[in-house]
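Participant: Before we start, here is the structure in question, set down as structure tokens.
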Amino acid sequence: MKILKSVVTVILLLYSLWASGQTGTLKGFVYDKATGEPCLFANVSVLGTNLGAATDLNGYFAINQIPEGQQ
């Protein structure tokens with residue numbers, strides 16, 4: 001029984017370390033509201049961080065490695 005408790009404790013500890021290192025990705029498109037055309041090379045940023053990206057020729061952007069945070 002003591003070994004089982006130790007194994008469960010180690011598994012929970014490893015899971016919490018794995019879960020705390022999670023990051024996310026923000027992907028999307030930016031379009032001009034008036035014309036509906038994609039916004040070329042627009043800058044998109046995550047408020048409160050130094051993370052950002054520029055849109056491509058289709059208005060698409062992707063920001064990777066966004067750390068977990070408060071909403």
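What follows is calculated from the coordinates using simple rules that are stated; it is not laboratory data. Remember, it's a predicted structure, so these values are computed and weren't measured experimentally.
Participant: Full extension from residue 51 to residue 68: what is 0.36 nm times the residue separation minus their Cα-Cα distance, to one decimal in nm? Let's see the in-between values first.
Facilitator: Values: separation 17, 0.36 × 17 = 6.12 nm, distance 1.30 nm.
Full extension of this stretch gives 4.8 nm more.
Participant: Considering all alpha-carbon pairs of the stretch 23-71, what whole percent are spaced by more than 19 angstrom?
Facilitator: More than 19 Å apart: 29 percent of the Cα pairs in the stretch 23-71.
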